[in-house]
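Asks: This is the structure I have questions about; it appears just below.
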Amino acid sequence: MTESQVGRVRPDEERAWEALVATARRTVADGLVVGTSGNVSVRVGDTVLVTPSGVPYDRLTPDDVTGVGLDGRQVRGTLVPTSELPMHLAVYRTTDARAVVHTHAVHATAVSLLVPELPPVHYMTAELGGPVRVAPYAAYGTDELARNMLAALTDRSGCLLRNHGTITYGASLDQAYDRTAQLEWMCRLWLTASSVPGHTPSLLTEGQLAEATERLRGYGRRT
Ligand SMILES: [Zn+2]
């Protein structure tokens with residue numbers, strides 16, 4: 001059992017921390033993050049556990065549990081929470097998210113330089129709530145960036161951040177992670193298809209996207 005200077009870590013928080021560290025390491029192993037350039041958080045009750053700033057994920061131990069309240073006040077651990085805390089907290093304050101993943105994945109970040117919205121190239125667009133928007137640029141770690149992100153997340157579970165990266169949320173760490181991986185894959189798909197000279201990628205229609213949304217929700221499935 002860990003006793004930090006700030007607050008006693010509960011057993012459910014210890015388990016959540018373990019899963020958070022595993023997810024953070026996965027973003028590096030899967031090439032979505034280089035070094036410590038991304039961050040991951042998970043909500044346990046009204047506490048948000050979050051990766052600390054500047055500590056490589058392979059060095060994080062069970063004693064490094066870092067947590068804040070929804071107001072940003074540190075309630076667990078003594079390491080400094082990620083500088084992107086405003087984005088994470090904004091998501092938890094305004095949605096039912098239980099986990100948030102932020103990365104600088106290369107294809108997604110490349111798309112954020114090119115268009116205001118990722119064209120609907122694949123039905124997995126529906127998994128993120130519809131065509132993925134690009135939030136206007138603001139300096140990292142600022143409330144302005146958090147506001148821009150929230151606007152881009154309207155009715156979506158993920159968005160791109162211009163000249164910066166990705167952010168997705170979900171009901172679990174696995175779901176938030178999978179949405180980031182799918183988003184990066186779709187961005188790579190669009191960049192690949194749109195780089196073929198003399199051809200323009202075909203896009204899904206609104207009707208096709210609506211159909212995919214229904215199928216992903218479980219409607220229209222054959223039994
Ligand atoms: Zn970032």
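The values are calculated or read from the model by the stated rules, or taken from the named source; none is laboratory data. Here the structure is a predicted model, which means the values were calculated and not measured. We place every Cβ from the backbone using ideal geometry, glycine too, and count neighbours over all the protein chains shown.
Asks: Which number in (1) within 14 Å of the ligand (Cβ to nearest atom); (2) more than 18 Å from the chain's Cα centre (by Cα) marks the one condition that Thr82 misses?
Replies: (2)
Asks: Specify the residue that is surrounded by the most Cβ atoms within 10 Å (Cβ to Cβ); the eligible residues are those in the range 68-79 that are without any contact (Cβ under 8 Å) to a residue 60 or more places away in the chain and over 21 Å from the mean Cα position of the chain (by Cα).
Replies: Leu79
Asks: Could I ask something else about it? Considering only the range 6-18, I want to know if a residue exists there that is in a helix (DSSP H, G or I), without any contact (Cβ under 8 Å) to a residue 12 or more places away in the chain, of a type outside the set (D, E, K, R) and out of contact with any Cys (no Cβ under 7 Å at 6 or more places or on another chain).
Replies: First pass over the range 6-18, keeping only residues in a helix (DSSP H, G or I): 11-18.
Now narrow it down to the ones that are without any contact (Cβ under 8 Å) to a residue 12 or more places away in the chain: 11, 15.
Still in the running and of a type outside the set (D, E, K, R): 11.
Going one step further and asking which of them are out of contact with any Cys (no Cβ under 7 Å at 6 or more places or on another chain), we end up with 11.
Looking through the range 6-18, at least one residue is in a helix (DSSP H, G or I), without any contact (Cβ under 8 Å) to a residue 12 or more places away in the chain, of a type outside the set (D, E, K, R) and out of contact with any Cys (no Cβ under 7 Å at 6 or more places or on another chain).
Asks: Moving to a separate point now. Among the residues of the range 53-67, write down those that are surrounded by 18 or more Cβ atoms within 10 Å (Cβ to Cβ) and within 16 Å of the ligand (Cβ to nearest atom).
Replies: Passing the criteria: only Tyr57.
Table: residues versus (1) under 15 Å from Leu118 (Cβ atoms); (2) at pLDDT below 95.
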site: Ala151; (1), (2): no, no
site: Asp174; (1), (2): no, no
site: Tyr177; (1), (2): no, no
site: Ala181; (1), (2): yes, no
site: Trp185; (1), (2): yes, no
site: Trp190; (1), (2): yes, no
site: Ser194; (1), (2): yes, no
site: Leu216; (1), (2): no, yes
site: Arg222; (1), (2): no, yes
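Asks: Also: Test Arg156 against the criterion of being in contact with a strand residue (DSSP E or B) (Cβ under 6 Å, 6 or more places away or on another chain) and either on the phi < 0 side of the Ramachandran plot or not aromatic (Phe, Trp, Tyr) (or both), and give yes or no.
Replies: It is false that Arg156 is in contact with a strand residue (DSSP E or B) (Cβ under 6 Å, 6 or more places away or on another chain) and either on the phi < 0 side of the Ramachandran plot or not aromatic (Phe, Trp, Tyr) (or both).
Asks: Hey, can you tell me all the residues within the range 32-91 that are closer than 13 Å to Glu18 by Cα, of a type in the set (A, V, I, L, M) and touching a His at 6+ places or on another chain (Cβ under 7 Å)?
Replies: Val50
Asks: What tally of residues in the range 144-170 results from selecting those that are within 15 Å of the ligand (Cβ to nearest atom) and either without any contact (Cβ under 8 Å) to a residue 60 or more places away in the chain or not in a strand (DSSP E or B) (or both)?
Replies: 13
Asks: Another question about this same structure. Right, Arg93: charged (D, E, K, R) and surrounded by fewer than 20 Cβ atoms within 10 Å (Cβ to Cβ) or not?
Replies: Taking the combined requirement at face value, the residue satisfies it.
Asks: Can you tell me which residues in the range 138-193 are closer than 21 Å to Val121 by Cβ, among the basic types (Lys, Arg) and surrounded by fewer than 23 Cβ atoms within 10 Å (Cβ to Cβ)?
Replies: Within the range 138-193, Arg156, Arg162, Arg188 meet the criteria.
Asks: Then there is this: I'd like the full set of residues that are surrounded by 17 or more Cβ atoms within 10 Å (Cβ to Cβ) and either outside any loop (DSSP other than H, G, I, E, B) or at pLDDT below 95 (or both), limited to the range 107-123.
Replies: His107, Ala108, Thr109, Val111, Ser112
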